[in-house]
Amino acid sequence: MKMMVTGGAGFIGSNFIFYEQEKHPEYQIICLDKLTYAGNLATLDPVMHEENFKFIKADIADREAVYEIFETEHPDIVVNFAAESHVDRSIEDPGIFLTTNVMGTQVLLDACRRYGVLRYHQVSTDEVYGDLPLDRPDLFFTEQTPLHTSSPYSASKASADLLCNAYHRTYGLPITISRCSNNYGPYQFPEKLIPLMIANALADKPLPVYGEGLNVRDWLYVEDHCAAIDLIIHNGQTGQVYNIGGHNEMRNIDIVKIILEQLGKPESLITHVKDRKGHDMRYAIDPSFIHEELGWLPQTKFRDGIKKTIQWYLENRSWWGNIVNGEYQTYYERMYGNR
Ligand code: NAD
Ligand code: DAU
C-alpha cells in the first residue's frame, strides 16, 4: 500500500507519519509538503532515511507538479493535512487560505480522479460548525450540525469539505472527511495557544490571553487524532463525515493557569489582550458516531497529555527555539505588538 500524506512536515501530519510507520511498517509513505513557515523538515528526521519513506517538496495548489507526482508515484491512499491552519493569520490575510485550503484540495481531488485512488481522506476541523453559546452546555456538534463558519480559515476548510462531498456524489470519488477538535502535543508550531504559552512562560514573557480567556475549546492529544484517522481510512464508509473529539472542554484561562502551575511560574505573567475578531466562544464535539461505528475512544487523559507535552517542549528546546528566534519574531511583533 502506498500512502501519500500531504502537509506531513507540520504538526499533525508529522505525528500521523510516525503513527503510520509504527502501525503499518509495510506501507510506503510519501510526504508531500510545500514547507511553508509551518513546515519543518527537521521534524521528519527520524524517518527521513527509512527505505519506505520519501519526502517531496511541492505545493498542493500546483496542478502540474501534483499530477507529475501522481503519475510517478500512483498513491493508493491520500490523506490531506496540507493547509494554512492558523485562524489569526487568516484574519490578517485570507488569500493564501483560499489558494491552499480550497484550490489545493481541488487539485488533489482532480489528481485522485485522474489517476485513481482507493481512498482520499480530508482532514477537516470542528471550526466548520461555527461556535456554541457558553450558556448551553447541553449542545454539541454532530455530523448533522449545519456548516456555519466564522473566520476566513474555517470558511476555507468548509469550502474544501463541500468540494470533497461534491466529488463523491458527482464522480463517485471514495472520500472520507474527519472534523476534529483542538489538538495538542509534540511538534506544534508555537503560534498556537499551548506551545505559545509554554514558550513565553519559560522565557518569563507575558502570556497574551485574548479577552477574558473564557472561550472554550475541546482538547485532544494528537496521537488520539492520528488513531481516529487511521481507523477511518481503513474501516470508515466512503462519503461519510466523522467528528473526532474527546469531551475535554476547557476555558483558555484554565489551560494557561495549568501551564504556569506545571512550570512553576507566577500567574502575574498572564496579560489580557485585545480579543480575536469574530472569536468563536465554544467548540464541543459529540464523538458518539465514530465511537459506535469504528470503536474509537481517546486514550490520553488531558492531565497526562499536557504533562507529556510540556516535557516534550522542555526536552526539545532547539526545535522550537530555532523557530521563535527566527522570522517568527516579526510575526509576533505584528500580532501582539500593539494589542
Ligand atoms: P500546521 O500548520 O502545523 O501544518 C500544515 C502543513 O501543511 C505544514 O507542514 C505546511 O508546510 C504544509 N502546507 C501548507 N500549505 C501547503 C501547500 N500549499 N502545499 C503543501 N503543503 C502545504 O497544521 P496542523 O495543525 O498540523 O493541521 C493539519 C491539518 O489538520 C489542517 O488541515 C488543519 O486544518 C487540520 N486540523 C488542525 C487542528 C489543530 O488543532 N491543529 C484540529 C483539527 C483539524
Ligand atoms: O478547533 C480546531 C482548530 O483548532 C483547528 O482547525 C485550527 O487549525 C487550530 O489552529 C485550532 O484553532 P484555534 O483558533 O482554536 O486555536 P489557537 O491555538 O489559535 O487558539 C486557541 C484559543 O486560545 C482560542 O480561543 C484563541 C486563544 N488564544 C490563542 C492564542 C494564539 C489566546 O487567548 N492567546 C493566544 O495568543
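Annotations
- If you bin all the Cα-Cα distances of the range 78-191 at 5 Å, starting from zero, the percentages per bin are 2, 11, 20, 22, 19, 14, 8, 3, 1, 0.
- Whole-Å semi-axes of the ellipsoid equivalent to the range 200-324 (Cα gyration tensor, √5λ, descending): 31, 19, 13
- Rg/Rh (Cα only; Kirkwood hydrodynamic radius) as it applies to the range 144-223: 1.09
- Using the Karplus relation 6.51 cos²θ - 1.76 cosθ + 1.60 with θ = phi - 60°, the per-residue 3J(HN,Hα) values for the range 93-109 come to 7, x, x, 5, 5, 6, 4, 6, 6, 9, 5, x, 5, 4, 4, 5, 4 Hz, with x marking Gly and Pro.
- Prolate/oblate/rounded call for the range 236-306, Cα gyration tensor, a/c under 1.5 rounded: oblate
- The chain: relative contact order as a whole-number percent, Cα under 8 Å and 6+ apart: 17
- Among Ala82, Ala199, Ala42: highest mean-square fluctuation, GNM of the chain, C-alpha pairs under 10 Å: Ala42
- Rh by Kirkwood over Cα pairs, then Stokes-Einstein D for the range 124-174 at 0.692 mPa s and 37 °C, µm²/s: 272
- In plain terms, the chain from Arg113 to Glu327 could stretch by 73.2 nm, reckoned as 0.36 nm per residue minus the Cα-Cα distance.
- Sequence-distant contacts, meaning Cα pairs under 8 Å at least 6 residues apart, place the relative contact order of the range 63-141 at 41 percent.
- Radius of gyration, Dmax [the range 1-149; alpha carbons; angstrom]: 16.6, 54
- The local environment of Met335, defined by Cβ-Cβ distances under 9 Å, has a net charge of -1 under the rule Lys, Arg +1 and Asp, Glu -1.
- If R0 is taken as 56 Å, the Cβ-Cβ distance between Ala203 and Leu162 corresponds to a FRET efficiency of 0.85.
- Over the range 1-44, volume per residue of the alpha carbon convex hull, in Å³: 54
- Furthest towards positive pole of dipole, Cys180, Val87, Tyr336, structure part the chain, Cβ charges: Tyr336
- Under 24 Å between alpha carbons - lysine pairs in the range 230-339 that sit 8 or more apart or on different chains: 10
- Coarse-grained scattering of the range 114-249 at q = 0.09, 0.19 Å⁻¹, given as base-10 log I(q)/I(0) from a Debye sum over alpha-carbon atoms: -0.33, -1.21
- In sequence order, calculated HN-Hα J values of the range 19-30 (Karplus, 6.51, -1.76, 1.60; Hz; x Gly/Pro): 5, 5, 5, 6, 6, 10, x, 7, 6, 8, 10, 10
- With the convex hull constructed from alpha-carbon coordinates only, the range 1-79 shows a mean projected area of 4.8 nm² over all directions.
- Apportionment of accessible area to carbon and sulfur, the chain, percent (1.4 Å): 49
- Summarising the amide proton neighbourhood of Leu220: residues at separation of 5 or more, or on other chains, whose placed amide H is nearer than 5 Å comprise Asn182, Asn183, Tyr184.
- Using the Cβ-Cβ distance between Lys277 and Glu51 with R0 set to 56 Å, the FRET efficiency works out to roughly 0.70.
- Taking Cα atoms only, the orientation of helix 193-202 departs from the longest principal axis of the chain by about 40 degrees.
- Hits among aspartates and glutamates - C-alpha to C-alpha of Lys2 under 19 Å, sequence gap 8 or more where chains match: Glu20, Glu22, Glu26, Asp33, Glu50, Glu51, Glu68, Glu71, Glu73, Asp76, Asp110, Asp230
- Max-minus-min Cα coordinates of the chain on each principal axis give 57, 45, 37 Å, with the largest extent listed first.
- Accessible surface, per residue, of the chain when the full set of protein chains is kept, probe 1.4 Å, Å²: 43
- Its relative contact order, with pairs defined as Cα atoms under 8 Å and 6+ residues apart, puts the range 41-187 at 27 percent.
The values are calculated or read from the model by the stated rules, or taken from the named source; none is laboratory data. All figures in this text were calculated on a predicted structure; none of them were measured in a lab. Note that each Cβ is placed from the backbone with ideal geometry, even for glycine, and that neighbours are counted across all protein chains shown. With ligands, DNA and RNA removed, areas are computed over all heavy atoms of the protein, side chains included. Shrake-Rupley method; radii C 1.70, N 1.55, O 1.52, S 1.80 Å.
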